[in-house]
Structure formats: structure tokens, C-alpha cells
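Asker: Please read through the structure below; I'll follow up with questions.
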Amino acid sequence: MSLEMIQHRLTRSGVAVIYDDVPDSRWWLLRTLPAIAYLGVDQFTFPTSWRQLDGGQQYQFPGYDYHVLGGIELEEGSDLCVLTNEYYELQTQYSIQPLVTEFSTEESTLVVLTENERFTPDGGQRPLSQEQFATRVGPADRIYKAFSEYYDQEGWELPLTDTQNLFIQDNASLYSLVTGEDLSNTTELFDRLPEAPYLPLYWVFCDVFARPNEYGSVPLDSDDQVPALGNWLRRRIEWERKTAIDVAKTLNRTVSDDGSTFDPSYARRSPKLRDARTARQRLAPEESRIDARYHDWLSDIN
């Protein structure tokens with residue numbers, strides 16, 4: 001299925017259903033969020049705990065607005081994507097059934113991404129994808145494949161072999177554009193991240209390691225928070241627990257060793273931004289939406 005056809009299905013009024021058959025829906029399910037955002041849906045809701053470290057401050061990758069389920073106020077005609085799983089639907093008070101009922105008669109679209117095609121909202125009589133008002137988009141793999149073909153057509157690629165998260169893929173491509181070094185997996189990207197303040201991913205961790213009323217970056221201050229950061233990463237990147245925690249420990253240790261790492265004031269003065277500005281000149285934002293995205297990211301660091 002082409003990217004245009006997928007986008008058409010996502011913009012039909014009613015409910016559009018996507019499933020991502022991940023091994024454990026506590027993890028990885030947010031990997032498809034950037035792809036949906038790139039398709040034009042920029043309002044999202046999912047369990048708040050998926051944004052938190054150890055039940056505290058909330059963090060996210062850029063590119064979308066987040067809403068708490070039960071307190072959603074959208075502008076008229078706005079589309080919304082909800083990511084959930086059977087546990088949250090059936091074992092907690094956070095059923096998406098009220099949203100399904102509301103959007104089933106709306107002109108706008110509710111995109112539902114869950115862990116399997118048999119997902120049935122609490123109280124439903126049949127799987128959501130089989131409802132008359134629902135459009136079955138299919139598996140998330142189909143969306144990723146369509147994006148991969150689109151990137152190829154635009155003269156880019158998705159270089160990392162171990163993730164379907166397009167935001168992470170884009171950061172790897174942007175790193176290669178600036179440095180000339182190709183990356184092939186996610187851990188390579190995170191190894192180089194502390195030295196790449198021109199990447200939008202870098203600024204996510206500026207937030208993670210910031211503390212109110214303290215200067216510079218500050219390492220996470222409890223034994224619980226580092227594993228929690230690993231879990232936060234696992235919801236977005238296809239890592240096993242050990243890999244995620246090892247990456248979280250390395251990032252935290254880097255901040256502990258050098259308080260200028262992930263410090264916005266230092267990042268904005270980094271000499272590496274000159275290389276980023278030079279690389280920006282090689283982009284053609286008027287000709288390619290991918291180039292335009294990268295150009296915007298490299299412009300935001302000024």
C-alpha cells in the first residue's frame with residue numbers, strides 16, 4: 001500500500017485502526033507515533049505513565065501535542081490518535097470507548113493504534129476494526145514499509161536496521177549529513193549523541209537532565225530513575241531491557257562526568273554547530289518534505 005493510500009485512509013471521517021503486533025505491548029508501541037505524526041495527525045493521547053520517569057516529570061520526542069485521556073479538548077475538526085493496549089482498555093478506568101463513540105459520528109478522524117487486530121473496546125461486541133464506521137489501515141509494518149519506499153524516492157534512506165521509529169531514523173540521517181559518518185543501528189546513534197547538539201534528539205535529553213533552579217545538566221538522582229529512563233526508551237525503541245538500561249546508564253554517567261553535556265547553554269555555543277549550518281546549505285527544503293524537516297531542525301538550533 002502506498003503512502004498516499006495510507007494517508008487517505010487516515011483522513012477519512014470516523015475511526016481508523018492500526019495494529020502493531022509487538023512482542024509485549026508494554027514496550028515498543030510508541031515507535032510508530034512519529035510516522036503517524038508525519039502523516040499529519042499531531043494530537044495524541046496514550047497512558048501518562050508512558051511519558052514519565054518513575055511516576056514523575058513527563059518527557060516526549062518533539063512533533064506532536066499530548067492530551068490526557070478524559071480531559072481532551074480539541075479544536076473543531078481536529079484529528080486525534082490514541083495509542084493503547086488491552087490491559088489499559090480492560091483492566092483500568094482508561095477505556096477509549098467514549099472517544100470511539102464520539103468520533104464514529106464526527107467528520108474528523110480518530111486513529112487507534114493498539115497491539116493486535118482483534119482489539120475490542122470495553123463493552124464492544126466485535127473487534128474495533130470490524131465496525132461499520134471503522135477503516136482498517138492494517139499493520140504498522142505496512143506504514144513503515146511505505147515510508148521506506150517514500151524515503152528512497154526522495155533520495156534518502158532509513159539507515160538503522162533495528163528500529164521502525166522514524167524520528168530516530170531521521171536523527172541518524174541528520175547525523176550522517178553533518179558528519180559524513182553512516183550509522184547502522186540505534187546504539188551507535190546514542191553513543192554519538194552527547195557530541196551532536198544539532199540533533200533534535202539531543203534536546204530531548206537536555207530536558208531529561210535539567211533540574212529546576214540548577215545550572216547545567218544534572219545526572220538522574222536515584223537508582224530508580226536510571227532504569228526508569230531505560231523503560232522510557234523501550235517504549236519508543238525496539239530494545240531489550242539490558243540494552244535500554246545500559247544506554248540509560250551511559251547517558252547518565254556522561255552527564256555525571258561532564259555537566260556541560262546536554263546543557264542548552266553549552267550546546268548553543270558548540271563549534272559543531274558550524275558543521276550543522278554548512279550541512280543545512282546542502283538541503284533543498286522547497287523540493288522535498290524530508291529536506292524541509294531536516295532544514296527546520298538545523299535552523300532551530302540557532
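Asker: Residue by residue through the range 164-176, note down the ones that are touching a residue at least 60 places away in the same chain (Cβ under 8 Å) and within 18 Å of GLN60 (Cα to Cα).
Answerer: Within the range 164-176, GLN164, ASN165, LEU166, PHE167, ILE168, ASP170 qualify.
Asker: Within the range 222-274, how many residues turn out to be among the acidic types (Asp, Glu), closer than 24 Å to TYR198 by Cα and surrounded by fewer than 16 Cβ atoms within 10 Å (Cβ to Cβ)?
Answerer: The total comes to 3.
Asker: Can I ask one more? Has the range 143-151 got any residue that is outside any helix (DSSP H, G or I), of a type in the set (Lys, Arg) and farther than 26 Å from THR278 by Cα?
Answerer: Looking through the range 143-151, none of the residues is outside any helix (DSSP H, G or I), of a type in the set (Lys, Arg) and farther than 26 Å from THR278 by Cα.
Asker: Counting just the residues of the range 37-58 that are of a type outside the set (S, T, N, Q) and out of contact with any Leu (no Cβ under 7 Å at 6 or more places or on another chain), which one comes out surrounded by the fewest Cβ atoms within 10 Å (Cβ to Cβ)?
Answerer: Checked the range 37-58; the qualifying residue surrounded by the fewest Cβ atoms within 10 Å (Cβ to Cβ) is GLY55.
Asker: I need a count of the residues in the range 83-133 that are buried (at least 18 other Cβ atoms within 10 Å of the Cβ), β-branched (Val, Ile, Thr) and either in a helix (DSSP H, G or I) or in contact with a His (Cβ under 9 Å, 6 or more places away or on another chain) (or both).
Answerer: 1
Asker: Sticking with this structure for a sec: In the set ARG274, ARG211, ARG236, ARG241, which member is assigned by TED's automatic domain parsing to the domain that holds THR163 and over 29 Å from TRP50 (Cβ atoms)?
Answerer: Of the residues listed, the single one that is assigned by TED's automatic domain parsing to the domain that holds THR163 and over 29 Å from TRP50 (Cβ atoms) is ARG274.
Asker: Using the structure shown, decide if THR84 is in the same structural domain as ARG9 (by TED's automatic domain parsing), hydroxyl-bearing (Ser, Thr, Tyr), in contact with a Leu (Cβ under 7 Å, 6 or more places away or on another chain) and modelled with pLDDT of 95 or more.
Answerer: No: the conditions fail for THR84.
Asker: Check the range 177-189 and report whether any residue there is under 17 Å from ASP54 (Cβ atoms) and in contact (Cβ under 8 Å) with a residue 60 or more places away in the chain.
Answerer: no
Asker: Let me ask something else about it. Can you tell me which of GLN164, GLN60 is in a loop (DSSP other than H, G, I, E, B), at pLDDT 95 or above and not assigned by TED's automatic domain parsing to the domain that holds ARG234?
Answerer: GLN60
Asker: Please specify each residue of the range 259-302 satisfying the condition of being in a loop (DSSP other than H, G, I, E, B), aliphatic (A, V, I, L, M) and modelled with pLDDT of 95 or more.
Answerer: Matches in the range 259-302: LEU283, ALA284.
Asker: Okay, next question. What number of residues within the range 168-182 satisfy the criterion of being of a type in the set (Val, Ile, Thr) and within 16 Å of the chain's Cα centre (by Cα)?
Answerer: Matching residues across the range 168-182 total 1.
Asker: Another question, then. Can we say ARG26 is in contact (Cβ under 8 Å) with a residue 24 or more places away in the chain and either polar (S, T, N, Q) or part of a helix (DSSP H, G or I) (or both)?
Answerer: For ARG26, the condition - in contact (Cβ under 8 Å) with a residue 24 or more places away in the chain and either polar (S, T, N, Q) or part of a helix (DSSP H, G or I) (or both) - is not met.
The values are calculated or read from the model by the stated rules, or taken from the named source; none is laboratory data. Worth saying up front: this structure is predicted, and the values here are computed from it rather than measured. Cβ sites come from the backbone with ideal geometry, for glycine too, and all protein chains shown count toward neighbours.
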